[in-house]
Structure formats: structure tokens, C-alpha cells
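Beneath this line is the structure, given in C-alpha cells, with notes to follow.
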Amino acid sequence: MLFYSFFKSLIGKDVVVELKNDLSICGTLHSVDQYLNIKLTDINVTDAEKYPHMLSVKNCFVRGSVVRYVQLPADEVDTQLLQDAARREAHSQRQ
Amino acid sequence: MDIPGVAQLFDEIDKKLVVYLRDGRTLIGILRTIDQFANLVLHRTIERIHVGNKYGDIERGVIIIRGENVVLLGEWDEERARVSGLHQISVEDILDAQREEQQQQQHQQLLRAKFMKERGLTLTPEIGPDDMY
């Protein structure tokens, strides 16, 4: 639930989603769900356009299971807050 | 269930979508049904094969896709499709082109494996039949 809430706080920001097949998609985070499936709007395939099937797509839904990384703008992330939240979550899980 | 910020596939129902599968296939069809596993039912589906900047379409009709095989699905945007610079060729031609491309890739693999073998190393292919995307 932690990262679900974390991503919800980043809705509206520009992110780059890197998939396990090395495809990188730059777009605005529109929504996220409990499986960390991601919906992006106004996408742009950042690497080589060797993925021609993406040329006619403006908004997309990415299945959480195929995501390798989500690159975030550094100034949007409060790492202290994240650390505290993670610590609290780990603590509550242990009990 | 209209909760803002929650990624719903409900919003994509009855829309023309591009579905990219883990085996590398691209399907374009109208989304009719979904479930919690992101299993999909596509209507009036075509399988689009891309080779270079050319593509060919094969009619597939109604398709049920098991959710685990989906990489991503995108909304078909007519504007972007028109300016994409791709052009359509016949099914036979695209299948020929695809076969050629696959043969070239296999040849490359063979060369790479031979190269490694000569240096006493083995080449393990990074991808399996499931992850051709």
C-alpha cells in the first residue's frame, strides 16, 4: 500500500517508465492502482523509435508486472518522508 | 466506481486499443470486457506485424487475452496514426519481410555464439519464447 500511496501523490507529474524489455516511456502520470499498473497520458517513447507500434498511441495503460523502473523528478520526492513511512510500514508489518 | 487517481480499465471499454503482448505481437481492437486480472476481450481485432517502417494486418475477429501476457495497452489515436510515417503492405509481403528479419537475427545469434565459443565462453540467450517483447 505504501508505494501505491506514494505514486498517488505523484499524479500529474512527468515520469519515465522503463519496462523490462528496455522500452522507456515518458509521460504524465495519470493514475495508478493497487497492482502498481500505471496509466500515462501524452506519452513519448524516449529511446529509439524502434517500437513502431507506439507511434499511434497518446495515452497508455502499463501493466505493473512489466515495469522495471519508474524514473521520478528528484525535486518531487521527499526522501525523508519516504524513509519514515517505510520504517513505519516495516514496523507495523512485523507486529 | 469513479475514484480519481485509480488506474481503471473501465475507462478504456468500447475504445479502439493497441495491445502489446509479451510474445512481441501487436493487436488492435475494441475492448469489450475486462476483469481484475486485466484479462481482455477484444472485438474486431487485427494483428499488426511491423517490419521496419512497413506493416501488414491480419484479421483475427474476437480474441480473449490472458492478462499476464499483456505488456501495455494504448489508446488508438487517429491523428498520430496518420502522421506516423508507416505504410501498409499486403499480408504475404509482410510475412516474407518478417521471416527475413527473423533469419537475420538468428544468423546474428549464431555468429555471436561462435564468437564466444572461440573465446571459451557460452552465450546464453537473454530472452525466452515468452518475452519476445
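None of the figures in this text is laboratory data; all of them are computed from the coordinates on show. Just so it is clear, the model here is predicted, and its values are computed rather than measured. Backbone-built Cβ (ideal geometry, glycine too); neighbour counts: all protein chains shown.
Observations
- Mean partner shielding of peptide A:29-37, defined as the number of other chain Cβ atoms within 10 Å of each residue Cβ, is 4.
- Taking the Cα centre of the stretch A:1-71 as reference, the dipole from Cβ charges on Lys and Arg (+1) and Asp and Glu (-1) amounts to some 200 debye.
- Shape class of the stretch B:34-133 from the alpha-carbon gyration tensor: oblate, with a/c at 1.5 or above and b/c at least as large as a/b.
- Its Cα centre serving as origin, the protein assembly as shown has a Cβ charge dipole (Lys and Arg +1, Asp and Glu -1) of approximately 520 debye.
- Long pairs among A:LYS20/B:LYS114; A:LYS8/A:LYS58; A:LYS20/B:LYS117; A:LYS50/B:LYS114, criterion Cα-Cα beyond 25 Å: A:LYS20/B:LYS114; A:LYS20/B:LYS117; A:LYS50/B:LYS114
- Rounded to whole Hz, the Karplus (6.51, -1.76, 1.60) HN-Hα couplings of the stretch A:76-81, x for glycine and proline: 8, 9, 8, 5, 4, 4
- Lys/Arg +1, Asp/Glu -1 at C-beta; the stretch B:5-120 dipole; positive extreme among B:HIS43, B:ILE94, B:VAL62: B:ILE94
- Modelled this way, with points 7 Å down the Cα-to-C-beta line, the labels at B:ARG80 and A:LYS20 are 2.4 nm from one another.
- P(r) weight above 22 Å for the protein assembly as shown, C-alpha pairs, percent: 59
- Whole-number percent relative contact order across chain B, with pairs defined as alpha carbons under 8 Å at least 6 apart: 24
- Backbone geometry of the stretch A:61-73 corresponds, through the Karplus equation with coefficients 6.51, -1.76 and 1.60 at θ = phi - 60°, to 3J(HN,Hα) couplings of 10, 9, 5, x, 5, 9, 7, 9, 10, 10, 8, 10, x Hz, x marking Gly and Pro.
- Whole-Hz couplings from phi, Karplus 6.51/-1.76/1.60, listed for the stretch A:82-87; x for Gly and Pro: 5, 4, 4, 5, 5, 5
- When +1 charges are put on Lys and Arg Cβ atoms and -1 charges on Asp and Glu Cβ atoms, the dipole computed for chain B relative to its Cα centre reaches about 460 debye.
- Under 5 Å between amide hydrogens, built in the peptide plane, is the criterion, and for B:LEU17 it picks out B:GLY29, B:ILE30, B:LEU31, B:TRP76 among residues at least 5 positions away or on other chains.
- Amide H contacts under 5 Å for B:TYR133, placed H, 5+ residues apart: B:GLY24
- Counting, for every residue in B:61-72, the Cβ atoms of other protein chains within 10 Å of its Cβ and taking the mean gives 3.
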